[in-house]
Amino acid sequence: MKYGEKSISEFDPAKDLEIWPNNHSKSYKISITLPEFTCLCPRSGYPDFARLTLEYVPDKWVVELKALKLYINSFRNRYISHEDSVNEIYDTIFDRLKPKWMKLVADFNPRGNVHTVIEIDSETVGRF
């Protein structure tokens, strides 16, 4: 196993999703694009690909980008649905950072003539 594969396979978000102190008191938005998200369909095993866009207004913490990359890449060999993967990513990052606001959009590539976009926004969670 190569070092990158080892890092990804052993990644544990509870201890490895590194966060840093936010050194700024003003509100500002961070936008991160992760264009190579992949996971495996739990039913067929076919790969699913998506472009993730994470936006958040930090409070006390910001996410370290290499740790975020490893976390996202840890899904590549997991059998997990679109909905479950996006909800898990959102919950993990939100619980770790406790931002003032956060939105995660996952735009999955079409497969079998079906295109899925999943969006979770902290302003609308729990309203419906």
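Taking region 79-113 as the range and being at pLDDT 95 or above and more than 14 Å from the chain's Cα centre (by Cα) as the test, the residues that pass are TYR79, LYS98, PRO99, LYS100, TRP101, ASN109, PRO110.
Restricted to region 7-99, the set of strands (runs of 3 or more DSSP E) holding at least 2 residues that are closer than 19 Å to VAL117 by Cβ and among the β-branched types (Val, Ile, Thr) comprises 30-40. LEU54 passes all but one of (1) free of Cβ contacts under 8 Å to residues at least 24 places away in the same chain; (2) under 13 Å from the mean Cα position of the chain (by Cα); which number fails? All conditions pass for LEU54, except number (1).
Scanning region 92-128 for residues that are closer than 21 Å to TYR28 by Cα and acidic (Asp, Glu) turns up ASP95, GLU119, ASP121, GLU123.
Residues in region 31-43 that are farther than 19 Å from ASP84 by Cα and surrounded by 15 or more Cβ atoms within 10 Å (Cβ to Cβ): ILE32 only.
The values are calculated or read from the model by the stated rules, or taken from the named source; none is laboratory data. Since the model is a prediction, treat every value here as computed from it, not as a measurement. All Cβ positions, glycine included, derive from the backbone under ideal geometry; neighbour counts span all protein chains shown.
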